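Notes for the one structure printed next.
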Amino acid sequence: MSVSTKTDRQIKSQPLAVPTEPVWRLTVEQYHQMIRSGILSDDDAIELLSGWLIPKMPKNPQHRAATKLTRNALEAISPDGWYVDSQEPITLDDSEPEPDIAIVRGDTRDYLDRHPGARDLSLVVEVADSTRERDRTLKQRLYGRAGIPVYWIVNLVERQLEVYSQPVELPSGPLYQQRQDYSLSDAVEVAIGDRTAGSLRVRDLFP
């Protein structure tokens, strides 16, 4: 396991490049209205990220397997009052990402008229292969700015688990102050809410 704080990684907090031509940036409510009116549907593989409609990457078998394995492992240790969701929307200030996994407060029936928000979440997880750069930059900024306590990247390329914690908003942009990398031989403690729920073997998260 290696531990680092933000130094050279602050370079990655640079804002996304945007088109030079005029474009329309959406609010979350406008995005929801497009869904309600049928302009967008479940068949449209997009997410609202920082006001932009961003295509979601296709999922290969390794991604699917890692998502299922990680979800199973987290479900086994999740305490009462929390549940594990997978590839479902969460609503943030200017975004509605669909993390591969999220640990959500309460019960799924608590969210019949809205999606979970940042205050309802203890952990979000992205499984990264072709999306690794986006998950380390754009997604990390979104989740850090929202104040989600812990963010995991199950990094299929480098075969490691990246754990980001201690979100903070700085003049240069939002970021997580601490990053810990875990190898396949490590174990990682999982905090859910205000207590440690258990420990997982990192190798159990990978196909």
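Assuming charge only on the beta carbon of Lys and Arg (+1) and of Asp and Glu (-1), the dipole of the chain about its Cα centre is about 500 debye to the nearest 20.
With contacts taken as Cα pairs under 8 Å at a separation of at least 6 residues, the stretch 2-205 carries a relative contact order of 19 percent.
In this simple spin-label model, placing a label point 7 Å from the Cα along the Cα-to-Cβ direction at both A187 and L40 gives a separation of 4.2 nm.
Among the lysines of the stretch 2-205, pairs at least eight places apart or on separate chains and with Cα atoms under 18 Å apart come to 5.
Considering helices alone, the calculated mean residue ellipticity of the chain at 222 nm is -5500 deg cm²/dmol, with DSSP H runs of length four and up weighted by -39500 (n - 2.57) and normalised per residue. Remark: the stretch 140-145, residue by residue, has Karplus-estimated 3J(HN,Hα) of 4, 5, 4, 6, x, 5 Hz, where x stands for each Gly or Pro and the curve is 6.51 cos²θ - 1.76 cosθ + 1.60 at θ = phi - 60°.
Rule-based calculations on the coordinates, nothing more; no lab input. What you are looking at is a predicted structure, and each value in this text was computed from that prediction instead of being measured. No Cβ is skipped: glycine too gets one built from the backbone with ideal geometry, and neighbour counts run over all protein chains shown.
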